[in-house]
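Just below is one structure, and these are the notes that go with it.
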Amino acid sequence: MAQSRKRRKRSSPRPKPSAPAPAETSAPAEGAPARGYARSRAKNDAARAALKPLAPGERPTAVTVGAIAAVVLAIVNLIAMVAGWNSLGGDTDEGRAAAFTILWSGILLVVAWGMWRSRYWAVLGMQTLLGITLILAALSLISVNEVGAALILLVILAAAGALFWFLVKAMARIQMPERPTRAR
């Protein structure tokens, strides 16, 4: 008898939840952004308005530092190749290691030239190289066996990360060139 009461309790219809109020279900008017999006949009607009465009011939400090760092790294890579210190992680093919070093140094020099002239594509390229450097240094940090090597990798991570961060605002000031419009 107790079991039949339990069954009846379970099978009794449960009250349905009340329908939400119309204000809760109404979507924003067409063309009106959602609240969260509107706040983000307002912050972005304020940040853009605070940016000063570059004067003719002006170069942001971060871009100058990046250009100088790229030249120094290219020269250091070439010196390391001549001294025989570039083994590509134990690779014994010296020709391949030399070709990689020359290619990497050439890319760094092209990026340095473009950054010295405050070109958007060069800053974007430098950020790409810094991103690759950050990833490789972080992955190398996983398998490091010596404290000295770990410290060097941490310095690389800190320097590359800081330069990457400061280049973001510099890129915003340089602005990507407008696309040419078609005459119709």
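The values are calculated or read from the model by the stated rules, or taken from the named source; none is laboratory data. Please read all numbers here as calculations on a predicted model, not as lab measurements. Note that each Cβ is placed from the backbone with ideal geometry, even for glycine, and that neighbours are counted across all protein chains shown.
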Report task. Considering every residue within region 36-58, establish whether at least one is surrounded by 13 or more Cβ atoms within 10 Å (Cβ to Cβ), in a helix (DSSP H, G or I) and touching a helix residue (DSSP H, G or I) at 6+ places or on another chain (Cβ under 9 Å). Result -> no
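Got a sec? Which of Gly114, Gly106 is in a helix (DSSP H, G or I), in contact with a helix residue (DSSP H, G or I) (Cβ under 7 Å, 6 or more places away or on another chain) and modelled with pLDDT of 90 or more? Full working, then the answer.
On the way: Gly106 fails: in contact with a helix residue (DSSP H, G or I) (Cβ under 7 Å, 6 or more places away or on another chain).
Just one listed residue meets the conditions, Gly114.
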Requested in this report: Could you please tell me which pairs satisfy a Cβ distance under 8 Å, a separation of 6+ or placement on different chains, a first residue in region 133-161 that is without any contact (Cβ under 8 Å) to a residue 24 or more places away in the chain, and a second residue that is among the β-branched types (Val, Ile, Thr)?
Outcome: Ala137/Ile156; Ala150/Val144; Leu153/Val144; Ile156/Thr133
**Report entry** Scan of region 142-176 for residues that are surrounded by 13 or more Cβ atoms within 10 Å (Cβ to Cβ), under 16 Å from the mean Cα position of the chain (by Cα) and small (Gly, Ala, Ser), ordered by number
**Finding:** Ala159, Ala160, Gly161, Ala162, Ala170, Ala172
Requested in this report: Kindly list, by first and then second residue, each pair from a residue in region 162-182 that is within 11 Å of Val123 (Cβ to Cβ) and small (Gly, Ala, Ser) to a residue that is modelled with pLDDT of 95 or more and not in a helix (DSSP H, G or I), limited to pairs with Cβ atoms under 9 Å and residues at least 6 apart or on different chains.
Outcome: none
Report task. Report whether or not Val82 is in a helix (DSSP H, G or I), β-branched (Val, Ile, Thr), modelled with pLDDT under 95 and under 17 Å from Trp165 (Cα atoms). Result -> no
